[in-house]
Amino acid sequence: MIAVVQHALTARGPLSIAELAKGVETTSAAATQLVNGLVNVGYVDREPDVGNRRAVRVSLTAKGRDRHRERILADALAEPLTHLSTGDLAIAADVLDRLSGIYDEL
């Protein structure tokens, strides 16, 4: 369910709890509990809704956006990488880390 919430917030931007609940097909109470957990781990922020003083808007934090991107990448790579051994994956990860370091220095 966390991935679905992250996807909804990525696709539609900040949402009220009611909009989020509708978008992920759950109740407002369940969405509120889920948002509470995501706030606690730093994946989303709550901000006052300027159009409705009783409501809040929920948006992804930078950490939440990064986690969402990681999940998408992991899902996309899971099947193609299944034939690689643990050693091959470690070597590939090392190469990618080094390339990332080089890129960061540019």
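Whether any residue in segment 37-49 is outside any helix (DSSP H, G or I) and more than 24 Å from Ala3 (Cβ to Cβ) is what I want to check. First the steps, then the outcome.
Initially, segment 37-49 is screened for residues outside any helix (DSSP H, G or I), giving 41-49.
This time we only want the ones that are more than 24 Å from Ala3 (Cβ to Cβ), so: 48-49.
So far as segment 37-49 goes, yes, one or more of its residues are outside any helix (DSSP H, G or I) and more than 24 Å from Ala3 (Cβ to Cβ).
Considering each of Ser85, Ser59, Ser28, Ser100 in turn, give the residue that is of a type in the set (S, T, N, Q) and touching a Pro at 6+ places or on another chain (Cβ under 9 Å). Steps first, answer last, please.
Numbers: Ser85 fails: touching a Pro at 6+ places or on another chain (Cβ under 9 Å); Ser28 fails: touching a Pro at 6+ places or on another chain (Cβ under 9 Å); Ser100 fails: touching a Pro at 6+ places or on another chain (Cβ under 9 Å).
Ser59 is the lone residue from the list that is of a type in the set (S, T, N, Q) and touching a Pro at 6+ places or on another chain (Cβ under 9 Å).
Among the residues of segment 76-103, write down those that are exposed (fewer than 10 other Cβ atoms within 10 Å of the Cβ), in a helix (DSSP H, G or I) and at pLDDT below 90.
Selection gives Ala78, Tyr103.
Yes/no matrix, rows are residues, columns are (1) surrounded by 12 or more Cβ atoms within 10 Å (Cβ to Cβ); (2) of a type in the set (Lys, Arg); (3) in contact with a strand residue (DSSP E or B) (Cβ under 8 Å, 6 or more places away or on another chain); (4) touching a residue at least 12 places away in the same chain (Cβ under 8 Å):
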| residue | (1), (2), (3), (4) |
| --- | --- |
| Gly23 | yes, no, yes, yes |
| Thr26 | yes, no, no, yes |
| Thr32 | yes, no, no, yes |
| Gly42 | yes, no, no, yes |
| Asp45 | yes, no, yes, yes |
| Pro48 | no, no, yes, no |
| Lys63 | yes, yes, no, yes |
| Arg67 | yes, yes, no, yes |
| Ala74 | no, no, no, no |
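Tell me whether segment 52-75 contains one or more residues that are in a helix (DSSP H, G or I) and among the polar types (S, T, N, Q). Talk me through it step by step, then tell me what you get.
As a first pass, look at segment 52-75 and keep what is in a helix (DSSP H, G or I): 62-75.
Cutting the leftovers down to among the polar types (S, T, N, Q) gives us none.
There is no residue in segment 52-75 that is in a helix (DSSP H, G or I) and among the polar types (S, T, N, Q).
Just need a number here: residues in segment 1-24 that are in a helix (DSSP H, G or I), among the small types (Gly, Ala, Ser) and within 14 Å of the chain's Cα centre (by Cα).
Step one: of segment 1-24, the residues in a helix (DSSP H, G or I) are 2-12, 17-23.
From the residues that got through so far, the ones that are among the small types (Gly, Ala, Ser) too are 3, 8, 11, 18, 21, 23.
Retained after the next criterion (residues that are within 14 Å of the chain's Cα centre (by Cα)): 3, 8, 11.
Residues meeting the conditions: 3.
The values are calculated or read from the model by the stated rules, or taken from the named source; none is laboratory data. These numbers were taken from a predicted model, which means no experiment stands behind them. Note that we place each Cβ from the backbone using ideal geometry, even for glycine, and neighbour counts take in every protein chain shown.
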